[in-house]
Amino acid sequence: MKNDEALNSTTKLYKVLKALKLRVPIEGAFIGLFSGLIVVAYRVLLGKAEYFSIKVYTFLNHNKIYIPLGLIALILVGYLVGIMVEKEPMISGSGIPQIEGLLTGYFKISPLRVLIGKFFGGILAIGAGLSLGREGPSIQLGASFGHLIGKLFKKANLESRFLITSGASAGLAAAFNAPFSGAIFSLEEVHKNFSPLVLLAAMSASVTSDFVTKIFLGHKPLFDIPGAKPLSIIPFRYYWSLVILGASLGLAGALYNLTLLKTQDLYSKVKSTRKRIIIPFIFALIFGLTFPQILGGGHGIIHQLLRAEIALKMAILLLIFKFIFSMISFCSNAPGGILFPLLVLGGLIGCIFARIGINLFGIDSTYLCSFAVISMAGMFASIVRAPITGIMLVCEMSGSFNNLLSVSLVCIVSYLVACLTGSEPIYESLLEERIKKQRGDKECPYGKENEKIFIRYIINQGSVIEGLLVKDLKLPTNSLIVSIERGIEEITPRGNTKLLRGDYIIILSSVKEETKIRDYLGPLCEELPYKP
């Protein structure tokens, strides 16, 4: 009876996959279209809010008698954002760990509440000057729209997850004007594996979203600004310095991750969400009156870096205070991301490194901006631990692949050094923290507890599971491997079937057992969510 169930389920699985291959690109384009529109609206309104806040801080700086009123206003805005986060905790932070948790079955999320809460909460928080990025929220906005469409049209869970992935890719593409980075991010960070179907969904959504963004916001890359210096190709004679730069960024990324987690621990002592989120709003006023350059995501700093306008001492000051304010802002759980602020920090480190190199080692000042931009990718690789996305992202934002080799070298070195320090990828650490908080929630993350699902894993080279027999796997009760994909061959597994690297194992289980399976197989092999 059990074998019959497995056979029927496998047959159903292949029929579902065949139909999905035709629908996924079309659905991805649909999600990309509307996710792009949502993110464009978010960017436009956020830009207006940031412009307004700059005017307010300038006014307060010249009319200090009104500072108490400004403080009261910011406390009220912070209190309002705190209420929003309290009512819907999934809008806190960047939103990327929430997406990963949703796709792996750990979280139950209301997409409409998240979509509305993140949209307006992010505008209030970032618009007030908190050192947060719009890019993480844009990814969550896109993913939430995909999730919402899946629910409205009652899509099966496998298809719904492709819609969520499409939305996440579209969100990043629209936020950075970087369609290829949007697709790669879904493969490298969200799914942590390659899948043709995921690539189809992500690519179609990203390209469509980028098309929409360019219609409304223009065709220029993000770093194409008036007065920007050309990004000269770094010659081979300076490659020794790139290795040192990469190692420095690896250490900086590890320090960033450690500090962020420790700061979150400090914030956890403030039990009230509303009071916790008010704290960065008060600091926003302080910095708005004393050091306004560090407010917001940091686009102004990037513009100065690309124009080579930042001297060594100012770069050091900006790095220190931007780092501090980013920790204060993000760790409060206010709605906003870390992606752009960490790129800013990386750019400042590159600027400092280049300035020192110019003064002490005779490095040509022509390459100052190139070092700054390359460092952004290295910082991304060391913190997020997604080097391919970092490489592609910086190339797309700059509109040039001329420094591809230099960027790749820095990213590889920074990635390796960050790994050697024992630092965990930041989004994985944040996801683990959220999962710990969710453990007390006994509500099943997806639908009915006994609903049958398929979960798909790939066996990677050198993983613990490689070389084991099927019978050696201790899966939860009522869960079994129903199929093994080995190249173009489909294998019906038996107890003595040996598991080889590159195999995709497909497990039939229930929603109730999903997290148990993931907790068991997660350390053994990287996972790819797979569910009809």
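List the residues, sorted by chain then number, that are 5 or more residues from Ser483 or on another chain and whose placed amide H is less than 5 Å from its amide H.
Ile506
Figure the gain on full extension for Leu420 and Lys271 (residue separation times 0.36 nm, minus the Cα-Cα span) and round it to one decimal in nm.
Extending this stretch completely gives an extra 50.2 nm.
What trypsin sites (Lys or Arg not before Pro) does region 453-498 have in DSSP loop regions with at most 11 other beta carbons within 10 Å?
Here the sparse-neighbourhood loop sites are Lys474, Arg494.
Return the Rg/Rh ratio of region 338-384 with Cα-based radii and a Kirkwood Rh.
1.04
Any chance you could run the full-extension gain for Leu255 through Gln438? It's 0.36 nm times the residue separation minus the Cα-Cα distance, nm to one decimal.
Net length gain for the segment: 63.2 nm.
Tell me which of Thr290, Asn61, Gly129 sits at the most positive position along the dipole axis of the chain, charges placed on C-beta atoms (Lys, Arg +1; Asp, Glu -1).
Of Thr290, Asn61, Gly129, it is Asn61.
Please compute the modelled spin-label separation between Ile215 and Phe52, points set 7 Å along Cα→Cβ, answer in nm with one decimal.
2.7
Alpha carbons only, please: Rg and Dmax for the chain, in angstrom.
When restricted to the Cα atoms of the chain, Rg and Dmax are 23.6, 80 Å.
My understanding is that a pair violates if its Cα-Cα distance is over 18 Å; which of Lys436/Lys516; Lys192/Lys437; Lys474/Lys498; Lys108/Lys155; Lys262/Lys436; Lys118/Lys155 do that in this structure?
Lys192/Lys437; Lys118/Lys155
Once you charge only the Cβ atoms, +1 for Lys and Arg and -1 for Asp and Glu, what is the size of the charge dipole of the chain about its Cα centre, to the nearest 20 debye?
Using only the charged Cβ atoms, the result is roughly 960 debye.
Which net charge results when you count Lys and Arg as +1 and Asp and Glu as -1 among the other residues whose beta-carbon is under 14 Å from that of Ile282?
+3
Loop only by DSSP, 13 or fewer other Cβ within 10 Å of the Cβ. Give me the chymotrypsin sites (Phe, Trp or Tyr not before Pro) in region 361-420 that pass, ordered by residue number.
Passing sites in region 361-420 are Phe401.
Can you compute the FRET efficiency between Ile286 and Thr492 using 1/(1 + (r/R0)^6), with r the Cβ-Cβ distance and R0 = 60 Å? Round to the nearest 0.05.
My answer for the efficiency is 0.35.
So which chymotrypsin sites (Phe, Trp or Tyr not before Pro) in region 74-176 end up in coil per DSSP with only 14 or fewer other C-beta atoms within 10 Å?
Sparse-neighbourhood loop chymotrypsin sites (Phe, Trp or Tyr not before Pro): Phe153.
Assuming R0 = 56 Å, can you tell me the calculated FRET efficiency for the pair Lys151 and Asn359, based on Cβ-Cβ distance, to the nearest 0.05?
Step by step, r from the Cβ atoms, then E = 0.45.
Please name which of Asn402, Leu74, Gly36 has its Cα lying farthest along the dipole of the chain towards the positive end, using unit charges on Cβ (Lys, Arg +1; Asp, Glu -1) and the Cα centre as origin.
Leu74
Report Rg (one decimal) and Dmax (nearest whole number) for region 236-432, counting Cα atoms only, units Å.
Values for region 236-432 (Cα only, Rg and Dmax): 16.7, 55 Å.
How do Arg274, Arg237 rank when sorted from fewest to most other Cβ atoms within 10 Å of their own Cβ?
Going from sparsest to densest Cβ surroundings: Arg237, Arg274.
Show that you can apply the helix-only estimate: for the chain, add -39,500 (n - 2.57) for every DSSP H stretch of four or more residues, divide by all residues, and state [θ] at 222 nm to the nearest 500.
-21500 deg cm²/dmol
Assign unit charges at the C-beta atoms only (+1 for Lys and Arg, -1 for Asp and Glu), then state the dipole size of region 367-446 relative to its Cα centre in Debye, rounded to the nearest 20.
120
Would any residue of region 489-503 have its amide N under 20 Å from a label point 7 Å out along Cα→Cβ of Lys471? List them or say none.
From region 489-503, the list is 491-500.
Every number in this text was worked out from the coordinates using simple rules, so none of it is lab data. Source: prediction; values computed, not measured. Glycine also receives a Cβ, built like all others from the backbone with ideal geometry; neighbour counts cover every protein chain displayed.
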